[in-house]
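> This is the structure, below, for whatever I ask next.
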Amino acid sequence: MSVIRVERLHDGRRRVHLATADASARACPACGVFASRVKGSATTRPRDLPYGERGLEFFWHKRRWWCRESACPWKSFTEQIPQIPAGARLTARLRAAAGCRVRDAGSTVVQAARDLHLSWPTVMDAFREAAGEVTRAPLPEVVVLGIDETRRGRPRWEQNPETGKWQLTRDRWHTGFVDALGSGGLLGQVEGRTVADVLAWLSTTPLTWRKNIRHVAIDMSAAYRAAIRTGLPDAIVVVDHFHVVQLANKMLSLVRRRTTAEIRGRRGRATDPEWKARRRLLRNREDLTDEQFAKMWNPLLDEGKVGQTLLTAWIAKESLRNLLALARTSASRHQVGQARWKFLTWCADADIPEVRTLAATVDRWWNEIAAFIATGHSNAKSEGINRVIKLVARNAFGFRNAGHQRLRTRCVTTRRARGHLRTA
Ligand SMILES: [Zn+2]
């Protein structure tokens with residue numbers, strides 16, 4: 001394009017009159033023969049990237065040509081250039097910028113539309129086009145696959161008018177597949193969290209890619225474990241320490257509430273020693289100073305039944321943590337076996353139902369926990385990606401369209417792998 005002249009409008013904006021400088025615009029789009037006879041002229045107002053504070057508007061004076069080729073189906077045509085194809089009102093670079101804002105810069109569609117003075121559907125179209133590069137790209141090679149669930153929106157409860165009971169009528173989940181060791185980010189997402197949902201996604205991936213996977217890190221979800229046994233029979237399932245310790249902490253809180261209720265006949269109060277110690281009980285032993293530890297331990301020891309039950313449960317938690325701490329230490333099978341035996345016998349002797357349940361759960365998941373101790377693979381990447389997924393949903397004030405949500409989160413979590421977060 002070449003500039004013919006620039007007009008200053010009364011509101012300070014500038015109107016730029018353009019002519020076509022690209023000689024190839026004279027070639028007929030149908031037959032490619034260069035035209036020489038002008039039919040007339042036309043003016044369009046293409047939109048481009050914002051420039052300057054006041055903005056520019058463009059008037060493109062283009063010519064209509066008669067096609068010279070007598071056999072050509074098009075008798076005449078109007079000039080076009082690759083940046084502004086016939087019928088387009090935006091330059092290709094404006095569309096690309098709108099798409100990249102949403103795909104790579106983490107912008108919402110609404111915000112990108114406001115910034116670039118475009119409409120929401122235009123930006124969404126541009127984003128879909130830009131996101132195609134991400135979704136069409138082959139999956140990166142993955143050795144450790146992470147699978148995790150994310151809640152989509154809020155669960156909805158409704159009262160049954162006949163029985164008067166509250167029922168869960170809507171509880172939507174996404175299952176995410178993550179490169180748990182490399183930087184591949186989110187590899188895919190499906191709606192739901194059942195065995196069938198996981199298998200459906202796995203069946204869309206190439207067989208050679210699946211054969212590469214050695215380990216799969218999951219939280220303690222029986223559905224995911226079952227799905228992996230069917231879909232990835234050669235992979236080893238790993239449950240990381242985070243979810244196991246989380247379970248032990250939940251157990252401690254349950255024991256505290258139950259014993260308080262049973263022995264005191266009421267809920268906990270701020271004056272109860274077990275209530276005072278409730279946060280310290282959940283902290284790691286090595287993170288407590290001796291003073292903090294004494295403040296937790298001594299009052300509970302003097303408290304009688306409530307305190308002693310709680311301390312027994314606390315020791316069970318800590319001995320489970322000692323067992324899990326053997327990960328990444330290249331501990332021998334003998335050491336691991338001993339730590340496990342110590343934990344299980346403590347739980348068996350404890351005679352506290354919650355502690356026994358914990359021991360039973362750990363036993364049921366022992367193969368997966370042992371795999372974690374041997375390899376140290378965790379699902380931390382999934383948890384980190386979950387944080388980003390939730391951030392995107394909040395920025396967008398929730399999504400109505402689950403497909404759009406998956407596309408957005410997919411793009412936003414693979415930026416590092418695609419090099420969009422490299423500051424250099
Ligand atoms: Zn032609």
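The values are calculated or read from the model by the stated rules, or taken from the named source; none is laboratory data. For clarity, every value in this text was computed on a predicted model and none was experimentally measured. Positions of Cβ are backbone-derived with ideal geometry, glycine not excepted, and every protein chain shown enters the neighbour counts. When the accessible area is computed, the model is the full protein with side chains, heavy atoms only, and any ligands, DNA or RNA have been set aside. Shrake-Rupley method; radii C 1.70, N 1.55, O 1.52, S 1.80 Å.
> Looking at Ala270, is it of a type in the set (A, V, I, L, M, F, W, C), open to solvent by 40 Å² or more (accessible area, probe 1.4 Å) and on the phi < 0 side of the Ramachandran plot?
yes
> Which residue is farthest from the chain's Cα centre (by Cα), if the candidates are limited to segment 335-353 and must be touching a residue at least 24 places away in the same chain (Cβ under 8 Å) and open to solvent by less than 30 Å² (accessible area, probe 1.4 Å)?
Taking the candidates together, the pick is Ala350.
> Filter segment 400-424 for residues that are open to solvent by less than 80 Å² (accessible area, probe 1.4 Å), within 20 Å of Gly192 (Cα to Cα) and without any contact (Cβ under 8 Å) to a residue 12 or more places away in the chain; which is farthest from the chain's Cα centre (by Cα)?
So, considering only residues that are open to solvent by less than 80 Å² (accessible area, probe 1.4 Å), within 20 Å of Gly192 (Cα to Cα) and without any contact (Cβ under 8 Å) to a residue 12 or more places away in the chain, the one farthest from the chain's Cα centre (by Cα) is Asn401.
> I would also like to ask the following. Given the conditions (1) among the aliphatic types (A, V, I, L, M); (2) under 30 Å from Ala180 (Cβ atoms); (3) at pLDDT 90 or above; (4) assigned by TED's automatic domain parsing to the domain that holds Val355, and given that Ile236 satisfies all but one, which numbered condition is not satisfied?
Condition not satisfied by Ile236: (4).
> What's the number of the condition Phe34 fails, among (1) within 16 Å of the ligand (Cβ to nearest atom); (2) within 37 Å of the chain's Cα centre (by Cα)?
Every listed condition holds for Phe34 apart from (2).
> Can you spot a residue in segment 130-142 that is within 16 Å of the ligand (Cβ to nearest atom), open to solvent by less than 30 Å² (accessible area, probe 1.4 Å) and in contact with a strand residue (DSSP E or B) (Cβ under 8 Å, 6 or more places away or on another chain)?
So in segment 130-142, the residues within 16 Å of the ligand (Cβ to nearest atom) come out as none.
No - not one qualifying residue is present in segment 130-142.
> Now, a different point. Pull out all pairs, ordered by first then second residue, where Cβ-Cβ is under 7 Å, the residues are six or more apart or on different chains, the first lies in segment 58-73 and is among the β-branched types (Val, Ile, Thr), and the second is open to solvent by less than 40 Å² (accessible area, probe 1.4 Å) and near the ligand (Cβ under 9 Å from one of its atoms).
none
> Within segment 200-223, is even one residue free of Cβ contacts under 8 Å to residues at least 12 places away in the same chain, open to solvent by 20 Å² or more (accessible area, probe 1.4 Å) and hydroxyl-bearing (Ser, Thr, Tyr)?
Looking for residues that are free of Cβ contacts under 8 Å to residues at least 12 places away in the same chain, open to solvent by 20 Å² or more (accessible area, probe 1.4 Å) and hydroxyl-bearing (Ser, Thr, Tyr), one finds at least one in segment 200-223, hence yes.
> Does segment 127-149 contain any residue that is under 30 Å from Arg418 (Cα atoms), outside the structural domain of Phe399 (by TED's automatic domain parsing), among the basic types (Lys, Arg) and touching a residue at least 60 places away in the same chain (Cβ under 8 Å)?
Yes, some residue in segment 127-149 is under 30 Å from Arg418 (Cα atoms), outside the structural domain of Phe399 (by TED's automatic domain parsing), among the basic types (Lys, Arg) and touching a residue at least 60 places away in the same chain (Cβ under 8 Å).
> Taking segment 143-183 only, how many residues are open to solvent by 90 Å² or more (accessible area, probe 1.4 Å) and closer than 22 Å to Arg406 by Cα?
4
> Here is a further query. Looking at segment 87-123 only, could you name the residues that are without any contact (Cβ under 8 Å) to a residue 60 or more places away in the chain, open to solvent by 70 Å² or more (accessible area, probe 1.4 Å) and more than 20 Å from Arg408 (Cα to Cα)?
Gly87, Arg89, Arg93
> Is it the case that segment 53-63 has a residue that's open to solvent by 50 Å² or more (accessible area, probe 1.4 Å) and within 16 Å of the ligand (Cβ to nearest atom)?
yes
> Restricting attention to segment 51-66, does a residue exist that is modelled with pLDDT of 90 or more and part of a loop (DSSP other than H, G, I, E, B)?
No, that holds for no residue.
> How many of the residues making up segment 1-50 are surrounded by 13 or more Cβ atoms within 10 Å (Cβ to Cβ), of a type in the set (S, T, N, Q) and assigned to a loop (DSSP other than H, G, I, E, B)?
1
> Inside segment 67-82, can you point out the residues that are more than 41 Å from the chain's Cα centre (by Cα), more than 9 Å from the ligand (Cβ to nearest atom) and not in a strand (DSSP E or B)?
Ser70, Glu79, Gln80
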